[in-house]
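Worksheet: the structure to be examined is printed underneath.
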Amino acid sequence: MDLLAVAGALGQPIAGTLAAEGDSTGITINLFWVIVAAANFLVFFAAAWLIFFKPVSGRLVERRLRLETGLRDAEAARQEREQAALDRMELIAEARREANEIMQRAQKAAEESRERDIAATRVELGRLKAEATAEIEAEKLRAVADVRAEVADLALRAAARVVGETMTAPREQRIVQQFLAELDAQGRH
């Protein structure tokens, strides 16, 4: 049987009933053509889905996945950046601590060096003072000896003029020795 004939037969009773009732509107509903139109719509919709909507929805899914991946990557990058900033701050703090320790050690070493230099300078000053004192004492003794010799010589000359005689060397020596001994005895009292 022919499908069109069957559909035409199905459509006849509906059109016939409308015409029998006396409505002469001219509108007849043919069920066959309604079913064909519905089938065409479904075929068109399926074809449109396969040709247009399915690829578009696939691309939308791909785009959504790329966006989600991009957001995850951005979040991971943000966390890495924050961690890098924390690491950098820790490194800076550690570097400051090390710099402070180095500076403290350098100050301590400089202080110790200064103290050693001061102590060495004091020792050197003490040695120089002792040498100067010894030198002054030696010069003083030489000066006193020179003065004594001059005084003795002057005393002998004065005595020779008073006495009017010349002195012999051994006699001068004995007189000078006595004179110096008397001076020492007077100087100690």
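The values are calculated or read from the model by the stated rules, or taken from the named source; none is laboratory data. Every value quoted in this text rests on a predicted model; they were computed, and no experiment measured them. Glycine also receives a Cβ, built like all others from the backbone with ideal geometry; neighbour counts cover every protein chain displayed.
Of all residue pairs spaced 6 or more apart or on separate chains, those with beta-carbon atoms under 7 Å, a first member in region 148-167 that is assigned to a helix (DSSP H, G or I) and a second member that is among the charged types (D, E, K, R) and at pLDDT 65 or above are 156/172.
Here is a list: 10, 65, 71, 42. Which entry is at pLDDT 95 or above and on the phi < 0 side of the Ramachandran plot? Among 10, 65, 71, 42, only 42 is at pLDDT 95 or above and on the phi < 0 side of the Ramachandran plot.
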